[in-house]
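In what follows, a single structure is set out as C-alpha cells and then discussed.
The values are calculated or read from the model by the stated rules, or taken from the named source; none is laboratory data. Keep in mind that what you see is a predicted model, and the values were worked out from it rather than measured. When we count neighbours, we look across all protein chains shown, and the Cβ atoms used for this are built from the backbone with ideal geometry, even at glycine. Note: areas computed on protein heavy atoms with side chains; ligands, DNA, RNA excluded. Shrake-Rupley method; radii C 1.70, N 1.55, O 1.52, S 1.80 Å.
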Amino acid sequence: MELLQRVLFTLVGAASVCYFVIKVALGHWKRRGILHEKPKKPWGHLKGVGRKRHVAEVLQTLYDKYKGQAPFIGFFALLKPMLLILDLDSINYILLKDAKYFMDRGLYYNIQDDVLSQNQLQMDGIEWQHMHLKLKSLQWQEKLQNLLPALLKVQQTFENSLKDKIPKTVAAQNVTELVEGFNIDCISSLAFGLEGDSLRYRNTQFHHMCKSYTKSNFNIYKAYLAFWFPSLARLFQYHVYSPMATQYFQKLIAEKLTEREYQRTQSSHFDFLQLWCDSRKISQRNQMYKKLENQEIVGQAFSFILAGLESTTTTLSCCLYELALQPDIQHMARSEIRAVLAKHQSKLTEDALNELVYLKQILNETLRKHSPYPFLLRLTTKEYELPNSIFMLQEGNHLIIPTSAIHHDAAFYARPDKFDPEHFHSKNVQQRPPCAFLPYGMGPRACMAQHYVQQQMLVCLVTLLQCYSFTPCAETIIPLTYDNSKVLRKPKKDIWLSMQKT
C-alpha cells in the first residue's frame, strides 16, 4: 500500500510539473502583451496537424483572421514560441531591405557529424556565410545560364523513353512517378555527374537513396527537440540523415571528382558538379577564390534532393492535373509551345524558353495555388524595430512567413481558389507588391538556383505537352487532397491521368 502511494504521488508530482512547464511555455506571448490566438495545451496552435489538418490550413486560418490587426501575431509550434508575420511591408523588410538582421533560418544542422546537413538550406551563421561567399566567388548566378545544354541532354533521354513507353495512348498513367523520373535524372546528371535513364531510374541505388535519405528510425519529436535545443542535439551527435545515404553520396561525389580532376575526363556538358569541381582549379590560380572541400560539395549536391526533388515533382504533377481539368488552358499552352518551337527550328534555346510567356504563367499559377513550401522561416539575429510601427523583434525570435496563405489572399489574387493563369498576366503582376508571390523566397536566402529550377520545369512541361494531351481518368482523385503528415504541401496520393499522343 505504501509503495502504491509513493508511485501515485510521484505520478501526480510529475504531472503537476509537466502542467506547470506547459502553462508557463504557452503563456509566453500573453506575458509580453503580443496579440495571439489562445493556444491548446500541449499542442500550441498545431492541434490536429498531421492527422486532420495540414499546417498550411492553420496558417491560412490565422492569417485570414488577424491580417490588418497587427504586423505579426504570436504563434506556438507545440511549446515553441514563434511570430507569424502578416504584413507584406514587414515581410519585405525582413527578407530583403533589412535582411542582415534575419540571415538565419533557425533549422538544425550538424556539419561535423551529419555531413548532408552541410547545405545552403539548413546552415546558418558563419558557416552559411562562408559557403555563400564561396559559391558567389564562382560567379554562380552568371554560370547558371550555361546549364541548359546539360539539361537538354537529360530531356532528350526523357523524350526517347516516352516514345518507347507511351507510343500512343495510356488510359491511366501515374504522372507523379513520370515527372519524378525526369527530376531524378536531372539531379543525378547535373549535380552528381551520373548518366540518367528515365526507363530504369526506379531500379537504381541513386533513386532508392533519393527516397530514403532520412534515418529509418526518424522520430519527429527528436527532430523537434533538435530544432528547439540545437546545441544540445549537436553535443549528443544527433543525426537527421541515415548513415547509409550519407556514405553513398560521399562515395559517389568522391568518385566523380576523381574522374574529373585526376583522370582529366570532362563532362560532355557544363553542369553543377563541374562548377564545383572548377573551384579547385580557380582557387589554385587566385587566392580570392575559396576551394570547395569534398564534404561541402556533397552537401550542395544533396541540397538538390532535399529542397528540389519533391517540390518540383509536386509542382509539375499538380500543373498537369490542373491542365487535365481545364482543356482550354492546356490547348493554349500546347499552341504556344508549338509556335515557339517552330520559330526556333524545334530547338529549346534560352530565347525559346523566354518566349513561353503563357506557359510561365501556368507554372507560376501552379506554384501559387499548390505552393509546395507553405511557409518560410527566419531567425532574428539582432534586435530590430519594424519600420513605421511601435513593435520590436527581439534577438532569437523565430519568424514564420505564411507564403501559402499570402498566395491565397483575395486582395492580391481575384479568384484565389481558382486555377487561373491570368493571375500572372504582366498587368496583374505589376499591380501586386513583390512579396505577394514567394515560391523561391526573396533576398540573400532565396533559392540560388531558381532560374535553373524554372528552366527544368519548363523543359519537362514542353516535352510532355507538345506531344501528349492529358485528361482525367478513373484513377484521378477529384478534388485534390493533401498529405497532412508532411511539412511539404503535396498530394496525399500520386496523380493519375490519361495520356494520349497528339
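The largest-to-smallest principal axis extents of the Cα set in the chain are 82, 57, 55 Å.
Using Cα atoms only, what is the angle between the long axis of helix 272-285 and the major principal axis of the chain, expressed in degrees (0 to 90) to the nearest 10? Computed tilt is about 80 degrees. Extending 7 Å from the Cα toward the beta-carbon at both K251 and L4 defines two label points whose distance is 5.9 nm. Taking every Cα-Cα distance in region 391-452 and sorting them into 5 Å bins starting at zero, the pair-distance distribution P(r) comes out as 4, 14, 20, 21, 18, 12, 6, 4, 0 percent.
Estimated at 0.36 nm per residue, the fully extended path between Q345 and K65 surpasses their Cα-Cα distance by 95.5 nm.
List the trypsin sites (Lys or Arg not before Pro) within region 1-93 that DSSP assigns to loop and that have no more than 12 neighbouring Cβ atoms inside 10 Å.
Working: sites: R6, K23, K30, R31, R32, K40, K47, R51, K52, R53, K65, K67; in loops: R32, K47, R51, K52, K67.
Answer in residue order: R32, R51, K52.
Using just the helices of the chain, give the 222 nm mean residue ellipticity in deg cm²/dmol: DSSP H runs with n ≥ 4 each add -39,500 (n - 2.57), and the total is spread over all residues, rounded to 500.
Values: 21 runs with 238 residues, N = 502.
Calculated at 222 nm, the ellipticity per residue is -14500 deg cm²/dmol.
Extension gain, Q500-L488: 0.36 nm per intervening residue step, less the Cα-Cα distance, totals 1.3 nm. Remark on region 1-130: hydrodynamic radius 17.9 angstrom, per the Kirkwood mean of 1/r across alpha carbon pairs.
What is the count of Lys pairs in region 1-106 whose alpha carbons sit under 17 Å apart, if the two are 8 or more places apart or on different chains? Lysine pairs meeting both conditions in region 1-106 amount to 17.
Taking the highest mean first, how do the peptides 473-481, 204-212 order by number of other beta carbon atoms within 10 angstrom per residue? Present the calculation step by step, with values, prior to reporting the outcome.
Numbers: 473-481: 12.4, 204-212: 16.0.
In decreasing order of mean packing, 473-481, 204-212 become 204-212, 473-481.
Straight Cα distances below 18 angstrom link K493 to the aspartates and glutamates E177, E180, E310, E322, E475, D483, with same-chain residues fewer than 8 positions distant left out. With a Förster radius of 35 Å applied to the C-beta separation of K291 and R338, the computed FRET efficiency comes to 0.15. The apolar share of the surface of the chain, taken as the fraction of accessible area on carbon and sulfur atoms (1.4 Å probe, ligands and nucleic acids excluded), comes to 55 percent.
Shape class of region 354-502 from the Cα gyration tensor (axes a ≥ b ≥ c, square roots of the eigenvalues): prolate, since a/c reaches 1.5 or more and a/b is larger than b/c. Taking the Cα atoms of region 133-189, the ratio Rg/Rh between the radius of gyration and the Kirkwood radius comes to 1.17.
Simple spin-label estimate for E475 and S389 gives 4.8 nm between the two label positions (7 Å along the Cα-to-Cβ direction from each Cα). Quick check: from the Cα gyration tensor, does region 433-502 come out rounded (a/c under 1.5), prolate or oblate? It comes out oblate by the Cα gyration axes. Mean projection of the Cα convex hull over all viewing directions, computed for region 317-430: 10.0 nm². With only Lys, Arg, Asp and Glu charged, each at its Cβ (+1 for the first two, -1 for the last two), find how big the charge dipole of the chain is about the Cα centre; round to the nearest 20 debye. The dipole of the chain has a size of about 860 debye. Of the residues T258, M448, S303, the one whose Cα sits farthest toward the positive end of the charge dipole of the chain, with +1 on the Cβ of Lys and Arg and -1 on the Cβ of Asp and Glu, is S303.
Could you report the chain's accessible area per residue, 1.4 Å probe, as an integer in Å²? Walk me through the intermediate numbers first.
Details: 24000 Å² over 502 residues.
Using a 1.4 Å probe on heavy atoms only, each residue of the chain averages 48 Å².
V58 contributes an accessible area of around 10 Å² to the protein surface, as traced by a 1.4 Å probe with all chains present.
Dipole of region 362-502, Cα-centred, from +1 at each Lys and Arg C-beta and -1 at each Asp and Glu C-beta, to the nearest 20 debye?
Working: 15 positive and 11 negative charges, 48 e Å.
That gives a dipole near 220 debye.
A simple spin-label model places pseudo-atoms 7 Å from Cα toward Cβ; at N174 and R51 they are separated by 2.9 nm.
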